[in-house]
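Written below as structure tokens is the structure these notes are about.
Read the figures in this text as sums done on the coordinates, not as results from a lab. In this text, all values refer to a predicted model and were calculated from it rather than measured experimentally. Here Cβ is always computed from backbone atoms with ideal geometry, including for glycine, and neighbour counts include all displayed protein chains.
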């Protein structure tokens, strides 16, 4: 005899019907692995509950908040879109944003705005708590190194690179504009500061000056050391972010004052032909 019991699972039932029967449709929680599998005698939706039941297990969420500024001027960027997975927000007039209900764990957070290169960072989102992640954006068309830090009063950003005559320059707080195509835009001497150096097209030659550029920082204050002062370096190219590095993850002694972050080689058209991540703390800047 054929059973007409409408509760009997059947392979022809569509996904939405199955999700409705499992109580998932219309739910507001974030669910782990929302897939449907047949056990042969019953249907399981998502991960089983700790007690052994068949209900999905909610994934803990947290909040990401912060501020988005222009890396060269440090002015707030309003109207930028900040995204983490399926969660997004728009920055307010003061550049602030809040992303609520982001799945806990490592999240890729990106920031985009007209006229700027998209910035991306991995953020550890705590469960049932919040984390702050600020962003400094770079306008398109130039190379830009942006150094930020936390509880140390003063770090200094250095960039060295090639001159058209084959010699090298160094841009720093005591030589803001060593060549026409490189400038230290921001020199900060405050806790939680940001410093920015921009490399543009050489107006004399109409193209980027090719060769190897090197980026490093100096802990002018000396303390706190790099393992705890929150130093971070972001490097942008004319159309894409090249990388972001934290001083706490660098090799060498935490008490060394120099942090050699990265070297990159640029062609005349602005393409990057080599990116050499150093991530090394050192006692001096010899050879840089």
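Descending by average beta-carbon neighbour count within 10 Å, the peptides 132-140, 177-185 line up as 132-140, 177-185, the highest first.
Diagonalising the gyration tensor over the Cα atoms of the range 138-282 and scaling each eigenvalue by 5 before taking the square root yields semi-axes of 26, 15, 13 Å, largest first. Separation of the range 130-189 and the range 213-255, taken as the distance between their Cα centroids, equals 12 angstrom.
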